[in-house]
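The values are calculated or read from the model by the stated rules, or taken from the named source; none is laboratory data. Remember, it's a predicted structure, so these values are computed and weren't measured experimentally. With ideal geometry, Cβ positions are generated from the backbone for all residues, glycine too; neighbour counts draw on all protein chains shown.
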Amino acid sequence: MIVCDPSAAPASLQRLRPRPPAPGPVVVRRDDVPASAWTGLHLDGVLAPLWGDVARVRGTREDPAVRASAFAPLVPARGAVGRLAAAWVHAGGAPPRRVTVLVRSGARRPDPHPDRTTAEADLVDEDLQTVGGVLVTTVARTAVDVARWVPAPTAVPVLRMLLPHGLDPHEALRRIDAHPGGRGLRTARATLRQV
């Protein structure tokens, strides 16, 4: 039996070989396909729900980059995913109902959208990272924001989910202590101590 190595073929024949197909999208939005196809792709098990009207192709890994890309159309270049939405990007779990987009203090907020809430925040570059092409607050900044702005019964389980993804509650407490004044800091301290 003769086994031929395809890479050993002459260059003139190499260019005639079929190219492997390009990988398809991992994230599919409801607007990308006709309504009947959207339902059919879910019923056939091709798509798995991800967030709202966004699904991922079954057989692909749901990781932070995939979760962040679900929010991409709702996050302008001047904004970053924050609070519970950022916690979901980092750790998974139950997706948020709406994406929270944070913009730097004094920056123009994005136009209203039913799937998005916006807030101004004192953001520094060290608080931000790019995940799946989308700007997201870091795990440490996300923890501080969740502890500060989300009621403790909801915040504590979310913060515990962030522990295996790099959350150090003591570091988060030190970050809060570095800002002596501000709304929600006392609540944030109490919430982080429960973690």
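Contact list please: Cβ distance under 7 Å, first residue in the range 131-152 and in contact (Cβ under 8 Å) with a residue 40 or more places away in the chain, second residue buried (at least 21 other Cβ atoms within 10 Å of the Cβ) and in a loop (DSSP other than H, G, I, E, B), pairs at least six apart or on different chains.
Cβ pairs passing all conditions: VAL134/VAL75; LEU135/VAL75; VAL139/LEU167; ALA143/LEU167.
Condition check: touching a residue at least 12 places away in the same chain (Cβ under 8 Å) and either farther than 15 Å from THR138 by Cβ or within 14 Å of the chain's Cα centre (by Cα) (or both). Does ALA121 satisfy that? Walk me through how you get there before you give the answer.
Working: touching a residue at least 12 places away in the same chain (Cβ under 8 Å): yes; either farther than 15 Å from THR138 by Cβ or within 14 Å of the chain's Cα centre (by Cα) (or both): no.
Against the criterion (touching a residue at least 12 places away in the same chain (Cβ under 8 Å) and either farther than 15 Å from THR138 by Cβ or within 14 Å of the chain's Cα centre (by Cα) (or both)), ALA121 does not qualify.
Do you know which of the residues in the range 20-79 that are among the acidic types (Asp, Glu), surrounded by 13 or more Cβ atoms within 10 Å (Cβ to Cβ) and in contact (Cβ under 8 Å) with a residue 12 or more places away in the chain is farthest from ALA94 (Cα to Cα)? Let's see the steps before the verdict.
As a first pass, look at the range 20-79 and keep what is among the acidic types (Asp, Glu): 31-32, 44, 53, 62-63.
Then drop every residue that is not surrounded by 13 or more Cβ atoms within 10 Å (Cβ to Cβ), which leaves 32, 53, 62-63.
Filter once more, so that each one left must be in contact (Cβ under 8 Å) with a residue 12 or more places away in the chain: 53, 62.
On the way: ASP53: 15, GLU62: 13 Å.
Residue satisfying both the conditions and the ranking: ASP53.
Can you tell me which residue among VAL136, VAL124, VAL99 is touching a Phe, Trp or Tyr at 6+ places or on another chain (Cβ under 8 Å), within 30 Å of HIS179 (Cα to Cα) and not polar (S, T, N, Q)? Steps first, answer last, please.
Details: VAL136 fails: touching a Phe, Trp or Tyr at 6+ places or on another chain (Cβ under 8 Å); VAL124 fails: touching a Phe, Trp or Tyr at 6+ places or on another chain (Cβ under 8 Å).
So the residue among VAL136, VAL124, VAL99 that is touching a Phe, Trp or Tyr at 6+ places or on another chain (Cβ under 8 Å), within 30 Å of HIS179 (Cα to Cα) and not polar (S, T, N, Q) is VAL99.
Under 8 Å by Cβ, and 6 or more places apart or on different chains, what pairs join a residue from the range 94-117 that is in contact (Cβ under 8 Å) with a residue 60 or more places away in the chain with one that is not acidic (Asp, Glu)?
Listed pairs, sorted by first residue: ASP115/GLY52; ASP115/LEU74; ASP115/ARG98; ASP115/VAL99.
It is to be established whether one or more residues within the range 6-26 are within 30 Å of GLY133 (Cα to Cα), out of contact with any strand residue (DSSP E or B) (no Cβ under 7 Å at 6 or more places or on another chain), modelled with pLDDT of 95 or more and charged (D, E, K, R).
no
Looking at the range 140-153, is at least one residue crowded, with 21+ Cβ neighbours inside 10 Å and under 20 Å from ALA77 (Cα atoms)?
Within the range 140-153 (the criterion being crowded, with 21+ Cβ neighbours inside 10 Å and under 20 Å from ALA77 (Cα atoms)), the answer is yes, since at least one residue qualifies.
Looking at HIS165 and the list (1) buried (at least 16 other Cβ atoms within 10 Å of the Cβ); (2) in contact with a His (Cβ under 9 Å, 6 or more places away or on another chain), which single condition is not satisfied?
Among (1) buried (at least 16 other Cβ atoms within 10 Å of the Cβ); (2) in contact with a His (Cβ under 9 Å, 6 or more places away or on another chain), HIS165 violates only (1).
Can you tell me how many residues within the range 33-82 are touching a Leu at 6+ places or on another chain (Cβ under 9 Å), farther than 30 Å from ALA119 by Cα and not in a loop (DSSP other than H, G, I, E, B)?
Of the residues in the range 33-82, 4 are touching a Leu at 6+ places or on another chain (Cβ under 9 Å), farther than 30 Å from ALA119 by Cα and not in a loop (DSSP other than H, G, I, E, B).
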